[in-house]
1. Using the eigenvalues of the Cα gyration tensor, what equivalent ellipsoid semi-axes result for the stretch 161-234 when each is taken as the square root of five times the eigenvalue, whole Å, largest first?
2. Count of lysine pairs in the stretch 1-155 with Cα atoms under 23 Å apart, counting only pairs 8 or more residues apart in sequence or on different chains?
3. For the chain, with only Lys/Arg (+1) and Asp/Glu (-1) charged at the beta-carbon, what is the dipole magnitude about the Cα centre, in debye rounded to 20?
4. Taking the stretch 10-137 as the region of interest, what is the percent of Cα-Cα pairs per 5 angstrom bin, listed from the shortest bin to the one with the maximum distance?
5. Just flag the GluC sites (Glu not before Pro) in the stretch 262-312 sitting in loop per DSSP whose Cβ has no more than 16 other Cβ atoms within 10 Å.
6. So if we plug the beta-carbon distance of Ser257 and Thr98 into 1/(1 + (r/R0)^6) with R0 = 35 Å, what FRET efficiency do we get, rounded to 0.05?
7. Long-range amide H contacts for Ala110: which residues qualify at under 5 Å (H placed 1.01 Å from N, peptide plane, sequence gap of 5 or more or a different chain)?
8. How many lysine pairs in the stretch 191-346, separated by 8 or more positions in sequence or lying on different chains, have Cα atoms less than 30 Å apart?
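Throughout, read-outs are computed from the coordinates displayed, never taken from laboratory work. The model shown is predicted, which means the values in this text are computed figures rather than measured ones. Every residue, glycine among them, receives a Cβ derived from its backbone with ideal geometry; neighbour counts consider all protein chains shown.
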Amino acid sequence: MTSELQTGALVGCGNPLLDISATVPMDFLKKYEMNEDDAILAEERHMPIYRELVDNHRAEFLAGGSVQNSLRIAQWIIGKPNVAVFFGCVGQDDYASTLREKAREAGVDAHYQVSADTPTGTCAVLITGTHRSLCANLAAANKFTIDHLEQPANKALVENALYYYISGFFLTVSPPSIMRVAAAALAKQRPFLMNLSAPFISQFFMQPLLDVMPYVDIIFGNEAEAHAFATAQGWPEKEDLREIGKRLVALNKLNASRPRIAILTQGCDPVLLIQHDSIQEFEVTSLAAHEIVDTNGAGDAFVGGFLAQFVQGKSLDVCIRCGNYAAGHIIKNPGCTYSGAPQFVE
Ligand code: 26A
């Protein structure tokens, strides 16, 4: 069924990060002035975290990076390798080799830009019960430049893709690359999907986010991210997710023939599918506490499951149900990893 899916149909850009994940006491978060469920960029004062997790908290190393996670999950469900192509920047080190290997194993065709003098980016994942707090040290990931997309082979990959997915996180790295991919998608009338990614994106990167929004066909986000967007915009109904969704889909759009869709997740509460004339809810199966390993990557897996069906031309209903399936699966596994064969039934 998936055999007619074109190799390279889906192109994603993001920050390739190696996750350094550990269960920590609340005091650990306090010490670094972090909150449960944060997603932040590391500042100088956060730099000791990574070492401390390894030395004192039996940290695990896992492939991470939001877009790369989504593409790995999409590939797991699609089953045919190299449908998804990934661009991002890594260093020249063992962490880069690990990420390369994990991408290859998952069937993601990663075309990394390599920074010779900067280490591969890492993300501290601080697990406290069912919460996870993320602190990313982008390092080499921050060195990505549009030149990489201008290499003839990479340019061809972008031109030939049928679907595009970029995180809001990547706005901190290379807005020109995002605009380039968005313009390619628009020129060919192909869907361009984005994610609000974290509250800090709306707080500190609103202008580049608004610059790309007219190109965005589908916008993903969770409740905290939607609220942050609404607050930054000064929208009055910043507590009302449905109203925020309606406003998101109504923002200016270049390709008016394809009205924007917003898909807002809210943990174990229903996923909202907001279209210009309707709002639908999709129930999420609640997991028992003992089934939850960690929630790291749940949002990424949701997008991965969605994309796996979307690139096969499935209805939004199927895409969202597959997103919920994928998120539920990875919550039962460490980080954004899966086990066994996918069990999604349409
Ligand atoms: C720019 N920032 C902060 C980030 C990230 C990020 N991926 C890209 N850019 N901060 C955290 N992540 C990734 O999110 C996943 C969980 O959703 C982590 O690497 C983690 O795998």
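1. Numbers: eigenvalues 90, 29, 19 Å².
Each semi-axis is √(5λ); the values are 21, 12, 10 Å.
2. Details: Lys80/Lys102; Lys80/Lys155; Lys102/Lys143; Lys143/Lys155.
Qualifying lysine pairs in the stretch 1-155: 4.
3. Working: 26 positive and 38 negative charges, 171 e Å.
Using only the charged Cβ atoms, the result is roughly 820 debye.
4. In order of increasing distance, the bins hold 2, 11, 20, 21, 17, 14, 9, 4, 1 percent.
5. Answer by residue number: Glu283.
6. Given R0 = 35 Å and the Cβ-Cβ separation, E is 0.20.
7. Phe86
8. Details: Lys238/Lys246; Lys238/Lys253; Lys246/Lys314; Lys253/Lys314; Lys314/Lys332.
Lysine pairs satisfying the spacing and distance rule in the stretch 191-346 number 5.
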